[in-house]
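What follows draws every value from the coordinates through simple rules; no lab data is involved. Model, not experiment: these values are computed from the prediction. Don't worry about glycine lacking a Cβ; one is built from the backbone with ideal geometry, like all the others, and counts go over all protein chains shown.
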2 protein chains.
Amino acid sequence: MKENKLSSRKQKILRAVVDEYIRKAAPVSSGEIKAKYFDDISSATIRAELSTLEDMGYLVQPHTSAGRVPAPKAYKYYVENFLDKRPLRRQDIAKIDATFNAKFKEIEEIVRSAAKIISDVTNYTSVIVIKNIANVVIKEIKLVGLDENSALVIIITDGGIIRDKVITVESRLDDNFLSNASLLINKVFGGRKVGDLKSADVEVQKELSDFKELFESVLSILLSYCEQDEAKVFVEGESKILEYPEASLESAKSFLTIIDDKSKIMELLEKEEPDIEFSIKIGKEETKGMDKCAVVAASYTINGKEIGKAGVIGPERMDYGKVISVLSYVRSAVNTIFNSGIKKIDIKKEENND
Amino acid sequence: MKENKLSSRKQKILRAVVDEYIRKAAPVSSGEIKAKYFDDISSATIRAELSTLEDMGYLVQPHTSAGRVPAPKAYKYYVENFLDKRPLRRQDIAKIDATFNAKFKEIEEIVRSAAKIISDVTNYTSVIVIKNIANVVIKEIKLVGLDENSALVIIITDGGIIRDKVITVESRLDDNFLSNASLLINKVFGGRKVGDLKSADVEVQKELSDFKELFESVLSILLSYCEQDEAKVFVEGESKILEYPEASLESAKSFLTIIDDKSKIMELLEKEEPDIEFSIKIGKEETKGMDKCAVVAASYTINGKEIGKAGVIGPERMDYGKVISVLSYVRSAVNTIFNSGIKKIDIKKEENND
DNA sequence: GTTAGCACTCTATGGTTTTGAGTGCTAGCA
DNA sequence: TGCTAGCACTCAAAACCATAGAGTGCTAAC
């Protein structure tokens, strides 16, 4: 960061341009800045400063006789230096808390709620991806008979997260059969990492003559969980992006196309530098061609392991402060739920300083 | 339908206009029709006919010196009279069959797959709503302990449809406790209609001292299923609508706004006349203001009772024949799954006429 | 009833002009 | 040296105008 050395006046002007542009989404002129931010210097002076800021790559002019518009570099500088991490408004906190205070929690539901609340509170499109659960350990697998030929397979993992699915088989599933099968299945799968199952285990099946069909179903569930496109993606509020004036039919199309593509979304949420807390991508090159858009993303963890990411997609001139606060707050709420497993669902209100 | 009395020449012309408009999405002129559809009469004659068709409300002219564009009335006439119920292409049938031949089926999954395949095959946006399950009968409720304080509640209904959810309670959930609770809960809820539970049952609780907490959790799950916004809505392919030339930023906005609003979607899929098989809504007034859009919807049933609707939202000039075929085919596939419960998952290939 | 022919209409296209916001530059001032 | 007033210059957007051509409506004749 060699160019952090902007004079304080330049900083003030740069900030003014970004703030104004965030507010009204139109090029900002020297006169405007003079009127709203400076009593002591003239617009001509500001003009000179703007000109050098442009040379430095912070600003761009749509055309010679227009005001200035922040370049991606300006947003980055803004985020790094001016972002006021003001606390969320009380009503937003209340909304989020309410979302996560409901009683019954399953992983999908938690994630979906999180995505929804992020989108609601920020008023941007939100995206959450859950990584594959390859290194999650299987604690127990339960089989519940539903009728003669079908059963519910419940997979309980070390994080206390459960997933379940109905299977249907040819064999008659009476209680006896099921409990025997259950024993065997748990003997095979219990305590193992989901990621280790892959194909290596096909051998074991041969031992399980009677339960082969059932066993295979369970295995395929496990495999599908760990393979399913490598990750699950949840999107909420996709229409929000259209509400901003920079939206065009073009941009809407490219936006929705990307939103439809899981792998692209995942790349968007990926952070370049591993040590930063929030990944912020601004500018066409970094956002897969979504012009005038920015993506802010944060990681979610269980016991220190990343299990997914949540992000917000909005216009470049988005309210970064708020977005980061929301992501941070929701993250702490979700982390609390995840890390405490299903045992403790209540969110500790005190634990939400990121 | 008093105005069904169009001369066969008028019919041919009307059909020509609709077909051409569906093809190229631009006003069609008398000359064009003459060239492509008639050898025996002149464009002037066609012009005269077009003029009367316009007077009758079937066509509109964007402006005096433009060709004709079908009015909603024309599409309706077209659907009623000209629709060729040609069978689906083999590849489409194969796609749909493949979707529903997968092994594990839960209600949400079935519905989501159905929505996805409809959107894929038609290339329009698809929407499915599942009605509240008020008159579904509870066959059995199973409780599976997950750990000390949480359990999975599995609700099995008469249709063989299951839903489940994790609950967390204060009480210690050992096997004994759970099996006792299970007995009691099934005694109370077993065989009852979900819709009858409402508040009337609060009395019963008092008998269940020990199990009160658990009981309440289960009840609230049941109630939430039957109340949850009255219905669940699934949407797939929302970006598809933008791919058609009539798309504008305006229309995209109004479209996505409606798509975000469950109640509006449900109204869209509602049919006006109870006896028709497919509800087709064309024109701004009928589509909640989505201009140039049409909605085709069909009902899905279990044992003759409507449990939901599936629909397609596309441009007015959509391929109605194909859409109806797809909805029809998917319906029969889904109905087969539903009506046979979880016992028989395989789709009878023969049952897909109508 | 049909049609050829023609006048008419109206959009779409593209060029020209005008306007005004906003800049860049320069000369003069502190 | 830094700031500023003033002014010329630039350029996009709006307003205006002209033209072309697609397509109609009408009418008179068949």
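All alpha carbon pair distances within region B:2-81 were sorted into 10 Å bins beginning at 0; the resulting P(r) in whole percents reads 19, 60, 21, 0.
Only helical DSSP H runs with n ≥ 4 go in: add -39500 (n - 2.57) per run for the protein assembly as shown, normalise by residue count and round the 222 nm mean residue ellipticity to 500 deg cm²/dmol.
On the way: 22 runs with 292 residues, N = 708.
Value at 222 nm, helices only, nearest 500: -13000 deg cm²/dmol.
Exposed loop positions in chain A were taken to be GluC sites (Glu not before Pro) whose DSSP state is not H, G, I, E or B and which have at most 15 other beta-carbon atoms within 10 angstrom. Between these positions, the longest stretch is A:1-147.
When the chain is fully extended, how far beyond the present Cα-Cα distance does residue B:80 get from residue B:61, taking 0.36 nm per residue of separation? Walk me through the intermediate numbers first.
Working: separation 19, 0.36 × 19 = 6.84 nm, distance 2.28 nm.
Here the answer is 4.6 nm.
Taking amide H as placed 1.01 Å from N in the peptide plane, residue B:294 has its amide H under 5 Å from the amide H of B:314, B:316, each at least 5 places away in sequence or on another chain. The phi-based Karplus calculation (6.51 cos²θ - 1.76 cosθ + 1.60; θ = phi - 60°) puts the 3J(HN,Hα) values of region B:272-283 at 6, 9, x, 8, 7, 7, 10, 8, 10, 10, 10, x Hz, whole numbers, x for Gly and Pro.
Across region B:175-191, coupling constants 3J(HN,Hα) worked out from phi with the 6.51/-1.76/1.60 Karplus curve, θ = phi - 60°, read 4, 4, 4, 5, 6, 5, 4, 4, 4, 4, 4, 5, 4, 6, 9, x, x Hz, and Gly and Pro carry x.
In region B:1-52, which chymotrypsin sites (Phe, Trp or Tyr not before Pro) are in a loop and have at most 14 other Cβ atoms within 10 Å, using DSSP for the loop call? Write out the running numbers ahead of the final one.
On the way: sites: B:21, B:37, B:38; in loops: B:38.
Loop-located and lightly packed - none at all.
When you filter the trypsin sites (Lys or Arg not before Pro) in region A:219-321 for DSSP loop state and at most 15 other Cβ atoms inside 10 Å of their Cβ, you are left with A:284. The modelled label-to-label distance between residue A:52 and residue B:212, using points 7 Å beyond Cα along the C-beta direction, is 7.4 nm. Residue pairs exceeding 30 angstrom between C-alpha atoms, taken from A:271/A:322; A:187/B:187; A:139/A:212; A:85/A:271; B:10/B:85; A:34/A:85: A:187/B:187. Computed from Cα atoms, the angle from the helix B:43-55 axis to the main principal axis of chain B rounds to 40 degrees.
For chain A, the longest principal axis of the C-alpha atoms and the axis of helix A:8-24 are separated by about 60°.
Expressed in units of 2.2 N^0.38 Å, where N is the residue count, the Cα radius of gyration of the protein assembly as shown is 1.12.
Rounded to the nearest 0.05, what FRET efficiency is calculated for residue A:270 and residue B:272 with R0 set to 51 Å and r the Cβ-Cβ distance? Numbers along the way, then the final one.
Details: r = 49 Å, r/R0 = 0.97.
It comes to 0.55.
Just checking the listed ones, A:128, A:93, A:276: in the Gaussian network model of chain A with Cα springs under 10 Å, the one fluctuating most is A:276. All C-alpha to C-alpha distances of chain B, sorted into 10 Å bins beginning at zero, yield P(r) values of 5, 21, 24, 20, 14, 8, 4, 2, 0 percent in whole numbers.
Against the compact-protein benchmark of 2.2 N^0.38 Å, the Cα-based radius of gyration of region B:247-310 scales to 1.20. Against the main long axis of the alpha-carbon atoms of chain A, helix A:107-122 sits at an angle near 10°. Between A:112, A:15, A:172, the GNM of chain A built on Cα springs shorter than 10 angstrom shows A:172 fluctuating the most. Scalar couplings 3J(HN,Hα) for region A:73-85, obtained by applying the Karplus form with A = 6.51, B = -1.76, C = 1.60 to θ = phi - 60°, are 4, 5, 4, 5, 4, 4, 4, 6, 10, 9, 4, 8, 7 Hz; x denotes Gly and Pro.
Other residues whose C-beta falls under 13 angstrom from the C-beta of residue A:38 contribute a net charge of +2, scoring Lys and Arg +1 and Asp and Glu -1. Spin-label model, residue A:45/residue B:220: points 7 Å from Cα along the beta carbon direction are separated by 6.3 nm. Comparing B:120, B:40, B:97 in a Gaussian network model of chain B where C-alpha atoms under 10 Å apart are linked, the largest mean-square fluctuation is found at B:40.
Which whole number of Å³ per residue matches the convex hull of the alpha-carbon atoms in region A:1-139? Mind dumping the intermediate values first?
Values: hull volume 24.7 nm³, N = 139.
Roughly 178 Å³ of hull volume per residue.
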